[in-house]
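Below is one structure, written out as structure tokens, with a few remarks after it.
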Amino acid sequence: MKRVSLLVDRLDRLRLSAEIGLHRHGPWWLLLALSFCLLLVLAATLLPALHAELAAAQGSLRALQARAANGEPPAAPESASERHYQAFQEVLAEESQVLASIQAVLDLVASHQLLSTRAEYQRGRDLQAQADTLQMIVPVRGRYADIRRWIEEILATQPFVAVDELGFKRDEIARNEVEARVRLSIWHHRAQPAKGLGVLAADATERADEVNR
């Protein structure tokens, strides 16, 4: 009870001080007090971030000073394009993953209750990106919703696969099935000449025949 009465007494004093200040200085005094409080809150919010930036800048400065003391040239700052390229390289599949990726795409055809005829394969090389691609053209037939979920699962489970082309055809409007022609690209690191497209295509074709049986 004593603590409650003390708290009520303090609140009454603050209210009285506010009323006296409002009577003496008018409403502008209240606005100035509110502005001052907002500035305090803003400073308390921004100061930790500014301290973190200052600490990071000081760390970079110490690293540059250490390199200069050792006679090493300062490292050039990494550009945004270099960071994007590095992230792209980290996503690329290895050559040993290409066949497994093809098999996963064809396995998902069956798991989504789709029908597929024999797929076509073609290798490519992007000299600028320093990466290889294996393109798959997969004709499928089934419900539109199943085809969409099939593509969504491919992209969700294989980040190095891209959908380059997607075309639909329906023979009759009343039919619930559509035919789709999907062109996919499996992006991977530079292939070794020991295993060419012929081996991969043969393995993938055999796998496609097993799925469609």
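All of the numbers you see were taken from the coordinates with simple rules; none came from a lab. Because the structure is predicted, anything quoted here is derived from the model rather than measured. Cβ atoms come from the backbone with ideal geometry, glycine included; neighbour counts cover every protein chain shown.
Restriction of the GluC sites (Glu not before Pro) in the range 84-121 to DSSP coil positions whose beta-carbon has at most 16 other beta-carbons within 10 angstrom yields Glu94. Take every Cα pair under 8 Å whose residues are at least 6 apart in sequence, average their separation, divide by the length of the range 107-146, and the relative contact order is 45 percent.
Taking amide hydrogens as placed 1.01 Å from N in the peptide plane, the amide H of Ala131 sits under 5 Å from those of Asp126, each at least 5 positions away in sequence or on another chain. Using the average count of surrounding beta-carbon atoms within 10 Å as a protection proxy, the listed peptides 124-133, 107-116, 162-171 rank, highest first, as 107-116, 124-133, 162-171.
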